[in-house]
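This report concerns only the one structure given below.
The values are calculated or read from the model by the stated rules, or taken from the named source; none is laboratory data. All figures in this text were calculated on a predicted structure; none of them were measured in a lab. Here the Cβ positions follow ideal geometry from the backbone for every residue, glycine too, while neighbour counts run over all protein chains shown. When the accessible area is computed, the model is the full protein with side chains, heavy atoms only, and any ligands, DNA or RNA have been set aside. Shrake-Rupley method; radii C 1.70, N 1.55, O 1.52, S 1.80 Å.
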Amino acid sequence: MRAFALLLLALLQSPCSCAGVRGARKRARRDAEEIAAAAAAGESLDPLGYYRYSWRPPADECGTEMHADYDGTRAWNWGLDPSQHVATAAECCAKCRAHVKCNSWVFCPEEVCFAPDAHKHTRGECWMKDQRDPASPSVNMRGAYTSKYRARPGHHHAPPMVHWVSGTVRLKRAATNGTWSGRAVW
């Protein structure tokens, strides 16, 4: 992967007088640099190049993944409701385990957690969700935001890393790194 990125970078350095082509080359150069940096760090990029991450199987019964926001087919607890906020990710996991239909949870550990939606997400939000297959969760955001992600309209204020903590429970098989949700492109 690194060799491909370096080759792509070399090809993009030839001069051109067309502004549109220069802009495309600049974006392609940025993408190639991001691929090379991720490969050098032993990380992966999502298919669109928005998130840089390194995934490892969860080491606890809550399936905890730092710097990740999981999607869900249904929210059993609307995390924006302050009466439903909790102090820790472990408490959010416990709430999910106590709800018979919850198999995925998402917690906001920061004063404000970034999400590309209309809401202001604050510390303690505990979203209890349902995944079709909790062993292969549907992922909205994961790891570090790339420069490509920040270049998108409305995303310039994204923090370096995804703020959220997520996890899955009630697994019937070994956990995988999941799939990218439709919201991953928001």
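A few comments on the model shown:
- Neighbour net charge for ALA151 - beta-carbon separation under 14 angstrom, K R +1, D E -1: +4
- Accessible surface computed residue by residue for region 53-186, with neighbouring protein chains in place and a 1.4 Å probe, gives 49 Å² per residue.
- This structure gives Cα extents along the principal axes in Å, computed directly, and of [x] 49, 38, 38; [y] 57, 49, 22; [z] 61, 34, 23 that value is listed as [z].
- Local electrostatic count, GLY178, Cβ distance below 12 Å [Lys/Arg +1, Asp/Glu -1]: -3
- Highest-first packing order for the peptide set 77-83, 42-48 is 42-48, 77-83, based on the mean count of other beta carbon atoms within 10 Å.
- Cβ-defined net charge surrounding GLN131, 10 Å radius [Lys, Arg +1; Asp, Glu -1]: +1
- Proximal lysine pairs, the chain, alpha carbons under 21 Å, eight or more residues apart or interchain: 7
- Among ALA89, ALA174, ALA151, residue whose mean-square fluctuation peaks in a GNM of the chain (springs only between Cα atoms under 10 Å): ALA174
- Our helix-only sum for the chain, with -39,500 (n - 2.57) per DSSP H run of n ≥ 4 divided by its residues, gives a mean residue ellipticity at 222 nm of -7500 deg cm²/dmol.
- Annotation: amide H-H contacts under 5 Å for GLY124 (H modelled 1.01 Å from N, sequence separation of 5 or more, or interchain): CYS108, GLU110.
- Span-like helix criteria (full DSSP H runs; alpha carbon extent of at least 30 Å along the helix axis; mean Kyte-Doolittle hydropathy of at least 1.0) are satisfied in the chain by no helix.
- Protein accessible area in the chain, 1.4 Å probe - carbon and sulfur %: 58 percent
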